[in-house]
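J.: So that we are looking at the same thing, I have put the structure below in structure tokens.
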Amino acid sequence: MVHALIDGVLTGSVYALMATGLTLIFGVMEIINVAQGIFVILGAYLSYYLQLHFGIDLFAGLLITIPTMFVVGIVVQRLFLARLKGPEKTAMSILVTYAISLVIEGILNIAFTVNNVQLNTSYTNKSFQVFGVYIPYIYFMGFLLAIVLLSGLYYMLYRTRFGASIRASLADQSAAALVGIDVKKVSTICFGIGIAVTAAGGMVFGATNAFNASTSYDLISRLLTIIVLGGMGSLAGALVAGIAMVTLEDLVGAIWSPVWSTMAFFVVLVVVLSFRPQGLFGQQSARAA
Amino acid sequence: MKKNRFAFRSVGAASVAAATMLAMMSASSATPKPHFTGAPIKIGISLSLSGDFSADGLAFQQGYQLWAKDINAAGGLLGRKVVLDIKSDASSPVQVVTNYKTLISVDHCDLTFGPYSTLLTLPSAEAVQRYGYAMIEGAGGGPSIFQAKLPNIFDVTLPVSYDMAPFAKWVSALPTATRPKSIYYVTSNDPFTQPVVDTAKKLIGSSIKSVGYTVFPSEATDWRSIADQVAQAKADAVVLGSVDVPTISAFMQAFEQAHYTPKVMIATAGPDQGSSFIKAVGAGNADGIMVPNTWYGLSANPLSQKMVAEYVKQYGGTAAGVNADIAEAYTVGETAAAAVNATKSIDNAKIIKWLHSGAVTNTVEGTVSFDKIGENLTQIAYTFQWQKKGTTFVQVNPVGNKNSVAVELPKNAWGK
Amino acid sequence: MSTTSTSIFSRPANWIWALCGVLALTFPFYETDPAYQQIGVYTLIFVACATSWNMFSGYSGYVNLGAAVSYGTGAYTLSIIAVHTHPNNLPGSASEFWLIPLAGLAAMVVAVPIGLIALRVRRHTFVVITIAIFFTFQLIAINASFTGGTGGLSLPYIPWAASYFDVPFYYLALAMSIFAIILSALVRRSRFGLQLLAIRDDEDRAMGLGVEVGKVKLTGYVMSAFTIGMAGGLFALLQGQIYPQFVFDPLFDISIALMCFFGGFGTLVGPVLGAAVLESSQQYLTVQYSNGSLYLILFGGLFLFVILFMPQGIVVFIRQKAKQRSDQQIAAAAAAGSNA
């Protein structure tokens, strides 16, 4: 029980980080980025590659992978997503990002084969004891990393000028444009940030899970569930739902059976939405279209 | 351990990958293309050369090709040349059916050999059954294959459920002083893994107290919380239904993090993967880990040694590193050859009848003989263990077998 | 979609429909090879599913990425009943075929509660919920005992010879496709269809105009589940063995949507064209290149190209081009006339 709780909070924070990127992208651009899952895996493979070929430590490697993913995000946004407009924009964005994710999946399969890999370092087998519970260093460090990055992100959003323009775009794009915010630039940078967090999320995910390119399907379904549950576009929602859902999953696994733990995830979503269609922290009402 | 994988991930047969490249290049020149109909005996095969099962599919291709080369070097079948017609199914059960239909109705193959994995074997066997063809295969040993009771299925390899029988027998018969006091069974719900663990549990029965039985979903990638649960039970022995190296390595990692070392630990898949297993868990930790298998590269069977020597000569690598898939595929060829030679025909009806007759064939995997539903129960399973600080991988069961050495017991603590 | 374009295309379009119909009806006669007949069956299964999907999602704008829920429900319903009742499998008869409409009905029944929950939310949230519900169904199929778990279910073997086996399946799939196309055409021309289209254009306005939005959406959603469920049942019979991850397949969800967007989202012909082109070419490419990863890259690349450069699908793209050309001709003729 205690075990499952601690595991859940530690792992959940990493999911919260990945989901925050996704919800930020949706909130600012009304784009559902189905490729977030494959970007996480891409981030994990980047760390894997740096470690394997250059012996770069997983955490140190983030100094390279985070900027790389940021650039990847900006390129993808400029090349493909900026072209989308019109009433079907959100639906089209799902298809476009899905197509992008297929292409990346194919490339990763060729580059790294479909055999599962996991990121290993000298400290992945080590753990320390708190209140009789062994906590592996890698989980704790992943948790710290997620907290640091999330705090940084929140600081940027709530304490800087640029953050204010992002928040204005989150609330209302056309109003933001009216007060002189360059919504296009904000969108591009937001997409970059949303993708950049997957480098960190991917590294921690890869160090705690075995993965190959098709693991992205499992990931994206969880991430989407988290942001819908939290309320699409809500930053607080992504944070709370991320931690809550993963903890719940681990608890169900411990108390009942691991076989049904993923199921709990989706059942909660369906139940919550029956009562609160806008999600836990969704601000907009369930208006149509 | 047979890698009759079902699930969503592929089994690590990475060691084969490099050799496969060579194989594909040399294969095209080694096997003449069947432009001339009539004279050669054409054998139709669908394999997963891409997709989830591709690593094993490619290994199977090597085994089939090695057999074809050998049989042709020995004068072919009934004096006719053997050619293989191999199509790729991308691990899709829809594509595999299309492929066998094409192989029989368009390419006019005389015989059909099985695809890789039980998942694809059943739909293919039904498809070729409509043409009255026999489906001789080596990788479809899950219970569902035999439950279908198709008259044309012949699996040359021991059904997966029996893989841990020698281990169960050994552990139950240990003297009370050394016998584990408690045992934990934890398995993926993969249909070709769970039956192995369930059968072991049944065979061990009450001779060791079971302190837990947990099934986890085959699509899981985060095994830590499950492994934690097992670690907390602090059982003397753990029987793990793993599907690949990452599964068992995650469990071992979580056990080490929880400072829990079982005295006896056996896993259905992963430890048999040689260097890729050692690389993932470290030699020290690998020490003492056991795994069941029906065949391995250093087998004392003379037929097997001959094949392994040829394989190593052609593709490189070491004898111990030869994938069991190769032997399974090779055995399929040997069994079919025996049937063709005995019936002196390539008439599938006659071949099916002969295969059902109980005749025994000696193959690289040992003896092959089928019961009514196409199971080969004459083969024996072995248990292997990593010993001497993870430097050697040796046969330890069945006890009394001339190649078995003593089991290292108990397992060393992690990180030593 | 404008009236001018339909009038220009009305005659050739009818010709094309007739030609396709004749080709489709006689296919098993001129293509006697079972391997190609099977490709025909799968193409038609996708034509039926894509058309049916489009009848709700294309007309209403609510993109359903959980169509495999209906497909899998149909497949499992039929398989579970067939496994438990062991229909008398006399050679030549196959009473399981009577279960196909039941498979469709089961998919409709399941669609009601899903629709009630999922259709309450905004359009893009709907997409995500359909994905979540899809995974819930897949998980149940993988883990429950009544579905046979990961081992799936084996249906009673239908003892038909190979030369004959695919023909009945082909005509059943063809009948399903024709049914789906006719139903979709009828809906499009009905008041109900107009209400769906009004929801797609502006749901708030449609509500303001007195359209019972909730009821219309639910009806459309449930109706579209019927044919997809039947197709799932047919697939189960054809394969003789179903596995959870192949009948509850996320790629199925995406393929269907892609076919409709590729052909023309919300048009009648679009899904038919999209399914026919994509499904048959997919089968061909898999056989030709037999490299799944390369295929993913090609498929994804094509997909990106179509969405970015022909965002309304091929049918609309061709219509617009044709209209431009005829407008130019009219303009040129007018110019020539004024010159003379």
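Quick note: the coordinates plus some simple rules give every number you see, no bench work behind them. Being a predicted model, the structure only gives us computed values, none of them experimental. Note that we place each Cβ from the backbone using ideal geometry, even for glycine, and neighbour counts take in every protein chain shown.
J.: Among B:Phe167, B:Ile346, B:Thr157, whose Cα projects farthest towards the positive end of the dipole of chain B, with charges put on the beta-carbon of Lys, Arg (+1) and Asp, Glu (-1)?
T.: Looking along the dipole axis, the top candidate is B:Phe167.
J.: I would also like to ask the following. Please compute the modelled spin-label separation between B:Lys353 and A:Ile147, points set 7 Å along Cα→Cβ, answer in nm with one decimal.
T.: According to this spin-label approximation, the distance is 7.7 nm.
J.: Pairs of Cα atoms under 8 Å, at least six residues apart: use those to get the relative contact order of chain A, whole percent.
T.: 37 percent
J.: For the stretch B:239-307, what class follows from the C-alpha gyration tensor (a ≥ b ≥ c being the square roots of its eigenvalues): rounded when a/c is under 1.5, otherwise prolate if a/b is larger than b/c, else oblate?
T.: Judged from the Cα gyration tensor, the stretch B:239-307 comes out prolate (a/c at least 1.5, a/b above b/c).
J.: Please give, to one decimal in nm, the separation of the simple spin-label points placed at A:Tyr158 and A:Leu5, each 7 Å out from Cα toward the Cβ.
T.: Spacing of the two 7 Å Cα→Cβ label points: 2.6 nm.
J.: Another one. With a 10 Å Cβ neighbour count serving as the proxy for reagent exposure, in which order, fewest first, do A:Val179, B:Val332 appear?
T.: In increasing order of surrounding Cβ atoms, one gets A:Val179, B:Val332.
J.: While we're looking at this one, here's another question. In what order do A:Met203, C:Met207 fall by count of nearby beta-carbon atoms within 10 Å, going from fewest to most?
T.: By the 10 Å Cβ count, ascending, the order reads C:Met207, A:Met203.
J.: Another question about this same structure. Enumerate the residues in the stretch B:181-221 having an amide nitrogen under 13 Å from the point lying 7 Å beyond the Cα of B:Gln232 toward its Cβ.
T.: none
J.: Also: Once label points are set 7 Å from the Cα along Cα→Cβ at both C:Tyr171 and B:Ala177, what is their separation, rounded to one decimal in nm?
T.: Placing both labels 7 Å beyond Cα along the Cβ direction yields 7.9 nm.
J.: Okay, moving on. Summing +1 for each Lys or Arg and -1 for each Asp or Glu, what net charge is found among the other residues whose Cβ lies under 14 Å from the Cβ of C:Leu197?
T.: +2
J.: Right, next: Taking the Cβ of each residue in B:Trp170, B:Trp67 as the centre, tally the other Cβ atoms inside 10 Å and list the residues starting with the fewest.
T.: Listed from fewest to most nearby Cβ atoms, that is B:Trp170, B:Trp67.
J.: If I take every Cα pair under 8 Å that is 6 or more residues apart in chain B, average their sequence separation and divide by the length, what percent do I get for the relative contact order?
T.: With pairs under 8 Å counted, the relative contact order is 19 percent.
J.: What net charge is computed for the residues neighbouring A:Val2, neighbours being all others with C-beta under 14 Å from the C-beta of A:Val2, Lys and Arg scored +1, Asp and Glu -1?
T.: Net local charge, A:Val2 excluded: -3.
J.: Need the C-alpha centroid separation for the stretch C:113-152 versus the stretch B:250-313, integer Å.
T.: So the two Cα centres are separated by 39 Å.
J.: Over the Cα atoms of chain B, compute the convex hull volume and normalise it per residue, giving Å³.
T.: Considering the Cα atoms of chain B, their hull volume per residue is 123 Å³.
J.: Between B:Gly205, B:Ala74, C:Met230, whose Cα lies farthest towards the positive end of the dipole of the protein assembly as shown when Lys and Arg beta carbons carry +1 and Asp and Glu beta carbons carry -1, centred on the Cα centre?
T.: Result: C:Met230.
J.: Would you mind giving the mean number of other chain beta-carbons within 10 Å of the Cβ of each residue in C:156-167, as a whole number?
T.: 3
J.: Lysine pairs in chain A 8 or more apart or on different chains: how many have alpha carbons under 23 angstrom apart?
T.: Value for chain A: 4.
J.: In Å³ and rounded to a whole number, note down the convex hull volume per residue for the Cα atoms of the stretch A:2-275.
T.: 136 Å³
J.: Right, next: For the stretch C:175-279, which GluC sites (Glu not before Pro) are both in a DSSP coil and crowded by at most 14 other Cβ atoms within 10 Å?
T.: Listed in order of number, the matching sites are C:Glu212.
J.: When the Cα centres of the stretch B:65-80 and the stretch A:128-165 are compared, how far apart do they sit, in Å?
T.: Using only Cα atoms to place each centre, the spacing works out to 64 Å.
J.: Given the DSSP H assignment, sum -39500 (n - 2.57) over each helix run of at least 4 residues in the protein assembly as shown and divide by its residue total; what's the result at 222 nm in deg cm²/dmol, nearest 500?
T.: That comes out to -20000 deg cm²/dmol.
J.: I've got another one for you. Quick check: from the Cα gyration tensor, does the protein assembly as shown come out rounded (a/c under 1.5), prolate or oblate?
T.: oblate
J.: I've got another one for you. Sum up the charges of everything whose Cβ sits under 12 Å from the Cβ of A:Gly233, counting Lys and Arg as +1 and Asp and Glu as -1, but leave A:Gly233 out.
T.: Neighbourhood net charge equals 0.
J.: How big is the charge dipole of the protein assembly as shown about its Cα centre, in debye rounded to the nearest 20, if each Lys and Arg gets +1 on its Cβ and each Asp and Glu gets -1 on its Cβ?
T.: The calculation lands at about 1100 debye.
J.: Roughly how many debye, to the nearest 20, is the charge dipole of the stretch A:2-275 about its Cα centre, given +1 on each Lys and Arg Cβ, -1 on each Asp and Glu Cβ, and no other charges?
T.: In debye, rounded to 20, the stretch A:2-275 gives about 680.
J.: What shape does the stretch C:31-276 have by the C-alpha gyration tensor, where a ≥ b ≥ c are the square roots of the eigenvalues, rounded means a/c under 1.5, and otherwise prolate means a/b greater than b/c and oblate the rest?
T.: prolate
J.: If you don't mind, another one. Of the options A:Ala171, A:Leu239, A:Ala60, report the single residue whose Cα projects farthest towards the positive end of the charge dipole of the stretch A:2-275 (beta-carbon charges: Lys, Arg +1; Asp, Glu -1).
T.: Positive-end residue among those listed: A:Ala171.
J.: Still on this structure, please answer the following. What is the calculated FRET efficiency for B:Lys279 to C:Ser326, with r their C-beta to C-beta distance and R₀ = 60 Å, to the nearest 0.05?
T.: Efficiency, from the Cβ-Cβ distance: 0.35.
J.: Do any of B:Lys201/B:Lys388; B:Lys201/B:Lys263; B:Lys42/B:Lys306; B:Lys42/B:Lys372; B:Lys169/B:Lys411; B:Lys69/B:Lys350 go past 21 Å between their Cα atoms, and which?
T.: Too far apart for the 21 Å limit: B:Lys201/B:Lys388; B:Lys42/B:Lys306; B:Lys42/B:Lys372; B:Lys69/B:Lys350.
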